[in-house]
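The values are calculated or read from the model by the stated rules, or taken from the named source; none is laboratory data. Just so we're clear, the structure is a prediction, and the values are computed from it rather than from any experiment. Here the Cβ positions follow ideal geometry from the backbone for every residue, glycine too, while neighbour counts run over all protein chains shown.
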Amino acid sequence: MTGAKEQYQLAFNHTQTGRLDEAESCLRDLIARYPEHPDVLHLLGIVLKNLDRVEESESMLRFAVQKCPQNARFHYHHGLSLIKSGEPAMAAEAFSRAVAIDPDLDNARYNLAKALKDSGDLESSIKVYRNLLESEPNHVEALYNLANIHSELERFQEACELYTAALSHDPSH
């Protein structure tokens, strides 16, 4: 029998190389032996999300968060699963918790802004995008999405400036 650490590493490697069925098999075996291990639950949740089995994914990631509530990445991936489940308001809560734990987790801040926008809270989305752009001024997707919000709100001058900034960083965008 393969040791748990080795089997987890094998599952992680399978995940990284896109061999998701093999990763799931390794992780299911680990879950049978260690049913409440947060790292195994987390990685299995990611694998299931990537296999488009979002209900199972959300459940695994929620359980991982319950087991290890101070792990920003667990909240972040739970948020991604909730986005895929069509739950932007709940995803925004998960991303917000991730950012509260790790303010430097830029992917969580970016996805928080998107989830806020998708749930209809445009002004909060603008604030999060602006905050992200303070630390990462060349974030083309944030510039573009923020420009779209300003355009939607008929703030065309701000939108134009943001579109121009996005294009200056990535002319092919």
| query | So which residues in region 78-90 are outside any loop (DSSP other than H, G, I, E, B) and either surrounded by 17 or more Cβ atoms within 10 Å (Cβ to Cβ) or under 13 Å from the mean Cα position of the chain (by Cα) (or both), if there are any at all? | reply | His78, Gly79, Leu80, Ser81, Leu82, Ile83, Lys84, Pro88, Met90
| task | Would you point out the residue of region 17-36, among those that are part of a loop (DSSP other than H, G, I, E, B) and touching a residue at least 24 places away in the same chain (Cβ under 8 Å), that is nearest to Ala64 (Cα to Cα)? | result | Glu36
| query | Within region 46-77, can you find the residues that are of a type in the set (A, V, I, L, M), at pLDDT 95 or above and part of a helix (DSSP H, G or I)? | reply | Ile46, Val47, Leu48, Met60, Leu61, Ala64, Val65, Ala72
